[in-house]
Amino acid sequence: MIKYKAYMKTPKNIRNFSIIAHIDHGKSTLADRLLEYTGALSSREMTEQVLDSMDLEKERGITIKAHAVRLTYNAEDGNSYILNLIDTPGHVDFSYEVSRSLASCEGALLIVDASQGVEAQTLANAYLATEHNLEIIPVINKIDLPAASPEETRKQIEEAIGIDCSDAILASAKEGRGTKEILEAIVNRIPAPKGDDSNPLKALIFDSWFDNYQGVIVLVRIFDGKVMAGKKIKLMATGDSFEVAQVGIFSPKMEPVPELVSGEVGYIIAGIKMVTDTKIGDTITGADEPAKEPCPGYKDIKPMVFCGLYPTQSHQYENLRDALNKLRLNDSSFIYEPETSLALGFGFRCGFLGLLHMEIIKERLEREFDLALLSTAPTVVYRVTKTDMEVVHIENPSRLPETYEIIEEPFVLATIFVPKDFIGPILDLCQEKRGVQRNFTYIGKDRIKVEYELPLNEILWDFYDRLKSISKGYASMDYEFIGYRESDLVKLNILLNGEVVDALSLIVHKDKSYYKGRELSEKLRQIIPRQMYEVVIQAAIGNKIIARESVKALRKDVLAKCYGGDITRKRKLLEKQKEGKKRMKQFGKLELPQEAFLAVLKVK
Amino acid sequence: MKKDTAGTLRSIYIGGGTPTLLSDKCFGELFRCLKDNYNFSSDIEITVEANPGTIDGSKIDAIISLGVNRLSLGVQSFNDNELKTLGRSHDSEDAFRSIETIKIAGMKNFSIDLMYGIPGQTMDSWRDTISKAVRLSPAHISAYELTPEEHTPFFKLLETHKVSMPDEELILEMYNHAIDYLAGFGYEHYEISNFALPEFKCIHNLNYWDRGEYIGTGAGAHSFIGKMRSGNIKDINAYIEQLNNGIIPESESTKLTSEETLKEFIFLGLRKTEGISISKSQQTGLNIVDASGTLINEGLVEIVEDFLRLTRKGIVISNTVIVKLFEKLGL
């Protein structure tokens, strides 16, 4: 028998809110302060930044998965309130998850670093919040910093986002300043949730994960009706039915409650085996008495970026499959399927929401599962209309058919914030990346917001790094997918000693194909070590060779003498040479180092 | 180790630095000490390393009288510009004079060290150096490729682009020329870098490749006793201090694993042009014939009677071939 902790609730006393901020503007620290102030955790229990529980999240200072915590706050008005803090991922790759988290709230704290001002992500998330009709409470954070300029920040928020900042809260999450004001503002300014317990159940899924003991744990916001153990529920998008085993809340510890009613945020455990069954944005309803309409805004999100992942040593293939399987248990936005490459052997084509998502998955595979991986260069998904008018999606450049009617590539609308001193080179960069300018606005006196339509493919390469280096780190960027557009694209093949290396194929814009072919061949020449045979590197478009380089055959090793019988030194030298070979991938007679497969990323 | 436990010495090599700087008295003491502690085999080879210009007739007479029967002379080149590049203190005249002195003293078994791949060296100057060497009829010639060592003044010159190493193809041509030219004068190419007239192979060096035991004394010297390979500390003052304090002045010592032993057997054996004995390798459990299949097809190694050896094509990329062989053997 589960013992429930007694608590009082009426929708009037519930506030659901998110915190939105640009990376490093202090979101997690502020969340910690709120938990501390409301006594959800004693300072002794606090490990820094409770919400970012994954190691990688802490290291990168970002939130990868959404979380929800219930706080109890005794307000100035003498009443006790339940505050549900729904944390949101802070990166463009996860913008759909952000949107579902925001849809679960009535309000949001908009955190802006007083020393940095408005950044691209601040804007993107604030727009999302506005779209969901959330009450936005601006919080100007880090006012303790010497470089803080709250007035300028206030002006920037008003100009860029168009919200009134006269009652913005000045805070220093680090020093705990402004915490009470923020809690009062949440109670007084964010509306209480609406909804009716007597309506059929309508609960929005905004996160889910797999637990080894309990199966899938689903995080929901109840909009209508109620849910309790024993209730038969149905997932509206998939149509699957389950029986609820337990409902509860996070305080932040997991605590079962008798029921979750409209307006509340909590978890549902219902014997669900796979996270792929609980799609973010789907609506849970009663199986016997279903809601007429699901919650709006559900999308079946598709990965935007793909790459091939191969074990460096072929005997690790099974381990890699198991590891991918385990990661997918907790991340339904990441997909994989087996793939065979002539050059790399057996591996997997994996799809990710974006580059950061890809890096995180790769890093977790290597770190948590101790795998040595070889990855091909990331690619976007191309939409190809074949000669028989069948439309296919190409996730691996080597699979592009020889002939086709139309090829389309994904475009994004990128929003870039940059101090005006750096605007020139930023515009050049966007131009170089085939960008089309859509907007150019001054924000405050020193900052500029530019919007460009860009092929996603172009920002996969080195765009972000160059943006950062051009602007000495000051520029920030966010983007959203705007659709597929026809482009003049061609497949560039790389041949080594006359044979196409499928893992090196790429799809490039025709105007850049010669340059890319030459540069890539040149890079490969530098990367491929000398072997016993000459290695001829060719770049080809169709049957036309557009570049040729060669790595001369290894003719001699150093014939050093063994100084005075120092045999150990010689042995170690040979062993080192052998270790180096281990990291190579055998391709026919050739040995290719890992870097070769990422050479394309080094081509500007 | 005392006479009864140390066994019999088959060779002594006094080298490293310039041992000929020792006074006759010091040499005398050294040999008295050696003879007190070790038995010498009847055909013992005793080599002293010398640099041109550091020996004269009386020094040579003195060491011969102590039992030294082989001299190794660090000539390096007969081209004075190349000697300067190498930072040597002697010139070609010194070399000629020293060899003349050795011959007058009646020492037939002497070796000349030569070096190819010196910055600025041309094929012509190498041909010239090697033919001058042959005309002096040494019993033995070592021809080493110059390998720049880190932390040397020469390395610094290379790093700052004050000098540059010759082209790889040229170095290869120099090496091949040495093999062919010396063969014409009866010098057998018995080890990667060594050439000898019949009966004059260096016993001391062959012992390294055959994995025989040896004791190294002096700073930076290496030993191999039982399964232990060890090296003395390189700093000479620290070496002396530790000895005086009764500490064995070693900086490294490794007990070879069986896998390391097999690796040594392969890479040391292949340094000799006769190669590795197949029957001997079978005794150690290695199937080197099967493992060399591809390498034989590629013309990098060959089997001649009971021996697996590097071909002319394989010898110049011996490291690469050896690593491949390790892989095939699962070492």
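The values are calculated or read from the model by the stated rules, or taken from the named source; none is laboratory data. If you're wondering where the values come from, they're calculated on a predicted model, not measured in any experiment. We place every Cβ from the backbone using ideal geometry, glycine too, and count neighbours over all the protein chains shown.
In table form, for the structure just shown:
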{"item": "Residue list for region A:501-526, restricted to those being within 28 Å of the chain's Cα centre (by Cα) and outside any helix (DSSP H, G or I)", "result": "A:SER505, A:LEU506, A:ILE507, A:VAL508, A:HIS509"}
{"item": "Scope region A:397-434; condition assigned to a strand (DSSP E or B) and of a type in the set (S, T, N, Q); matching residues", "result": "A:THR415"}
{"item": "Residue count for region A:128-154, restricted to those that are of a type outside the set (D, E, K, R) and more than 14 Å from A:SER18 (Cα to Cα)", "result": "10"}
{"item": "Residues located in region A:431-446, provided they are on the phi < 0 side of the Ramachandran plot and in contact with a strand residue (DSSP E or B) (Cβ under 8 Å, 6 or more places away or on another chain)", "result": "A:LYS433, A:GLY435, A:VAL436, A:GLN437, A:ARG438, A:ASN439, A:PHE440, A:THR441, A:TYR442, A:ILE443, A:ASP446"}
{"item": "Lone unmet requirement of (1) farther than 28 Å from A:TYR96 by Cα; (2) touching a Leu at 6+ places or on another chain (Cβ under 8 Å); (3) without any contact (Cβ under 8 Å) to a residue 24 or more places away in the chain for A:GLU181", "result": "(2)"}
{"item": "Helices (runs of 4 or more DSSP H) wholly inside region A:88-203 that include at least 1 residues being more than 25 Å from A:PRO296 (Cα to Cα)", "result": "A:120-131, A:150-161, A:179-189"}
{"item": "Failed item in (1) within 14 Å of chain A (Cβ to nearest Cβ); (2) within 24 Å of B:MET165 (Cα to Cα), with B:SER72 passing the rest", "result": "(2)"}
{"item": "Among the residues listed as A:LYS292, A:LYS253, A:LYS234, the single one being closer than 20 Å to A:ALA68 by Cβ and out of contact with any Cys (no Cβ under 7 Å at 6 or more places or on another chain)", "result": "A:LYS253"}
{"item": "Flag for B:ASP210 being over 24 Å from B:PRO138 (Cα atoms), within 14 Å of another protein chain (Cβ to nearest Cβ) and within 16 Å of the chain's Cα centre (by Cα)", "result": "yes"}
{"item": "Members of region B:222-233 that are more than 11 Å from every other protein chain (Cβ to nearest Cβ) and exposed (fewer than 14 other Cβ atoms within 10 Å of the Cβ)", "result": "B:ILE225, B:GLY226, B:LYS227"}
{"item": "Within region B:244-331, strands (runs of 3 or more DSSP E) holding 2 or more residues that are within 11 Å of chain A (Cβ to nearest Cβ), crowded, with 21+ Cβ neighbours inside 10 Å and modelled with pLDDT of 95 or more", "result": "none"}
{"item": "Unique match (being among the basic types (Lys, Arg), at pLDDT 85 or above and within 23 Å of the chain's Cα centre (by Cα)) among A:LYS420, A:LYS433, A:LYS468", "result": "A:LYS433"}
{"item": "Whichever residue in region A:77-108 is at pLDDT 90 or above and of a type in the set (Val, Ile, Thr) and, among such residues, is surrounded by the fewest Cβ atoms within 10 Å (Cβ to Cβ)", "result": "A:ILE82"}
{"item": "B:SER72 vs. criteria of a type outside the set (A, V, I, L, M, F, W, C) and under 25 Å from B:LYS234 (Cα atoms)", "result": "yes"}
{"item": "Considering residues of region A:467-493 that are in contact (Cβ under 8 Å) with a residue 40 or more places away in the chain and in a helix (DSSP H, G or I) only, the residue surrounded by the most Cβ atoms within 10 Å (Cβ to Cβ)", "result": "A:LEU467"}
{"item": "Sole exception among (1) in contact with a helix residue (DSSP H, G or I) (Cβ under 6 Å, 6 or more places away or on another chain); (2) closer than 22 Å to A:ASP557 by Cβ; (3) not basic (Lys, Arg) for B:ALA219, by number", "result": "(2)"}
{"item": "Subset tally (residues that are among the hydroxyl-bearing types (Ser, Thr, Tyr) and crowded, with 24+ Cβ neighbours inside 10 Å) for region A:183-237", "result": "1"}
{"item": "Residue, nearest to the chain's Cα centre (by Cα), within region A:344-353, restricted to residues that are buried (at least 23 other Cβ atoms within 10 Å of the Cβ) and of a type outside the set (Phe, Trp, Tyr)", "result": "A:LEU353"}
{"item": "Residue within region B:120-140 that is part of a strand (DSSP E or B) and either in contact with a helix residue (DSSP H, G or I) (Cβ under 9 Å, 6 or more places away or on another chain) or acidic (Asp, Glu) (or both) present", "result": "no"}
{"item": "Tally of residues being at negative phi and within 13 Å of chain A (Cβ to nearest Cβ) across region B:112-149", "result": "12"}
{"item": "Within region A:543-604, strands (runs of 3 or more DSSP E) holding 3 or more residues that are within 7 Å of chain B (Cβ to nearest Cβ), of a type in the set (S, T, N, Q) and loosely packed, with under 14 Cβ neighbours inside 10 Å", "result": "none"}
{"item": "Answer residue from region A:109-154, given it is over 18 Å from A:LEU85 (Cβ atoms) and among the β-branched types (Val, Ile, Thr) and is surrounded by the most Cβ atoms within 10 Å (Cβ to Cβ) among those", "result": "A:VAL112"}
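The rows are residues; the columns are (1) in contact with a Gly (Cβ under 8 Å, 6 or more places away or on another chain); (2) charged (D, E, K, R); (3) more than 25 Å from B:ARG70 (Cα to Cα).
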| position | (1), (2), (3) |
| --- | --- |
| B:ASP167 | no, yes, yes |
| B:HIS177 | no, no, yes |
| B:PHE185 | no, no, no |
| B:PHE195 | no, no, no |
| B:LYS201 | no, yes, no |
| B:TRP209 | yes, no, no |
